[in-house]
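Below you'll find the structure, written out as structure tokens, and then a few comments.
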Amino acid sequence: MEAPGTTADDSPAPSPSLRSLRTSLARAFPAARVTWLALVLLGVWGVVVFRGAGATSLLVLPAAAAILDLGFQSLRFERFRFPDGALATGLFLALILTPTVPLLAAGAVTLAAIGVKHVLRVRGRPILNPAASGVVLGAFAFGLAPAWWVGIGPLGELAMVAAGVAVVLRSPKNWRIPATFFLVFAPLSVLLRFTYGTSLAPSVIVLGVLDPSTLFFGLFMVTEPRTAPANVHLHLVYATLVGWGAAFLPAYLPTTGTLVALLLVGFGFGTYRAARRLASSASATTRAHRPESSAPTGRLPWSPAHRAGAGMLVLLVVAAIASAGITPSATPAANIAHPSHYSGGSPPPSSGGGGGGKGGITAASCLKNNSSIPASTAGMLHTALGPSVLLSYDASTGLTVFYDPVNQVTVTETDLYEDYGYAEFNGDDYAVSGCSP
């Protein structure tokens, strides 16, 4: 028999007041709320560093996501719920898309993300990560290259890691997901460097594994509790598959590979849940004969027909906006050139020499690659940078100058392997508006 005030393992039982406090904190700060509060802090830091760039999208996209979510809720529930998940989705979109994203296109992406959340569901859980779905759609339908403007500078990266740890601790049973993801991704990243013959300097390898976008992806997006498996026994499989995909797919999809990996794995597990639901429905006669129009208490009927209609409406709106030819806006150089990030107090020179391509960029144009850069080297650089025209490259230092046709800026990339193609928004490179050969 257990002594009063003890548990089965002889540890003191929590007092009623402590249990009440824990319950109150859990209700006041659900996982989604902790996530969007952390994202707000990271977004404010980015806006400060970028001198105001990104402030508009950081305000508009979460608000739009919340409004759209409430609209879907009016179709699904008898009473509204606070849109914590939608706020998190809107903030994810704001921090992954470029700070100067056109708002109409971003609004369409937000609509698609919230639509995915409510339409593609199995057992009350979304099949696909809504934010990842929106970003991938934005890249393919609107040409919105992801920027991942989080973890800017050493302090920003430390803040991002601290916030990510707090998000993971809020759902402690999910700790296996980020741990497994990084344990799988890190050695594969190193292996691919040997395979593709890129720089094998220890500092470069470490920076490649600990890239801010990778840390953000692993701590915040892979661990998203509503799309990750609820069964803890599946966490290792889920994280391993995402780690493999995130390591290999960027070689074929440079700007969206990691997100596509997350979506593919999420779809696979969603299909698994759907198959289990069909099997359990077939074996439960009471459920099989339940009227189709019935719904749990507090919920309105949300049948496959309702979902299909809502999904078609979302697709039509997004297609209409995409057909309008919305394109990314140019990035003001004043917002993205930060001399304070350089030890010398001024931006690096915008020309390279030696190694893969010699000579300055004066001999190149923004319409074609510098002819002195070998084709094999150019292929590697395009894989890393995404849409780009190579102006110069120094193999000994990694200094690369390229024109980004998506954001219409000329970028001096001082650390190619750390930034992995999102140079003009990571705060430690130099960029000027337009073509500046």
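The values are calculated or read from the model by the stated rules, or taken from the named source; none is laboratory data. This is a predicted model, so every value here is computed, not measured. A quick note on method: Cβ atoms are made from the backbone with ideal geometry, for glycine too, and the neighbour counts reach across all protein chains shown.
Which of the residues that make up the range 72-94 are farther than 13 Å from R33 by Cβ and surrounded by fewer than 21 Cβ atoms within 10 Å (Cβ to Cβ)?
F72, Q73, S74, L75, R76, F77, E78, R79, F80
Got a sec? Which helices (runs of 4 or more DSSP H) wholly within the range 298-406 have at least 2 residues that are at pLDDT 75 or above and closer than 30 Å to L70 by Cα?
304-323
Pairs please, first residue from the range 378-396 and buried (at least 18 other Cβ atoms within 10 Å of the Cβ), second anywhere and at pLDDT below 75 and part of a strand (DSSP E or B), Cβ atoms under 6 Å, 6+ apart in sequence or on different chains.
Qualifying pairs under 6 Å: S392/G357; Y393/G357.
Restrict the check to the range 151-163 and report whether at least one residue is assigned to a helix (DSSP H, G or I), in contact (Cβ under 8 Å) with a residue 24 or more places away in the chain, in the same structural domain as L58 (by TED's automatic domain parsing) and under 21 Å from V260 (Cα atoms).
no
Suppose we keep only residues that are at pLDDT 90 or above and of a type in the set (F, W, Y) within the range 249-270. Which one would you say is nearest to G138 (Cα to Cα)?
That would be F267.
What pairs come out if I take residues in the range 212-238 that are at positive phi and pair them with residues that are part of a helix (DSSP H, G or I) and aliphatic (A, V, I, L, M) whose C-beta lies under 6 Å away, six or more apart or interchain?
none
Given the conditions (1) crowded, with 18+ Cβ neighbours inside 10 Å; (2) free of Cβ contacts under 8 Å to residues at least 40 places away in the same chain, and given that G134 satisfies all but one, which numbered condition is not satisfied?
So the condition that G134 fails would be (2).
Can you name the residue in the range 95-131 that is polar (S, T, N, Q) and crowded, with 23+ Cβ neighbours inside 10 Å and, of all such residues, is modelled with the lowest pLDDT? Give the derivation first.
So in the range 95-131, the residues polar (S, T, N, Q) come out as 98, 100, 110, 129.
In the following step, the residues that additionally are crowded, with 23+ Cβ neighbours inside 10 Å were identified as 98, 110, 129.
Numbers: T98: 80, T110: 97, N129: 95.
Among them, the one singled out is T98.
Among the residues of the range 108-129, which ones are under 14 Å from T227 (Cα atoms), part of a helix (DSSP H, G or I) and free of Cβ contacts under 8 Å to residues at least 60 places away in the same chain?
Step one: of the range 108-129, the residues under 14 Å from T227 (Cα atoms) are 113-114, 116-129.
Next, from what is left, pick out any that are part of a helix (DSSP H, G or I): 113-114, 116-119.
A113, I114, V116, K117, listed by residue number.
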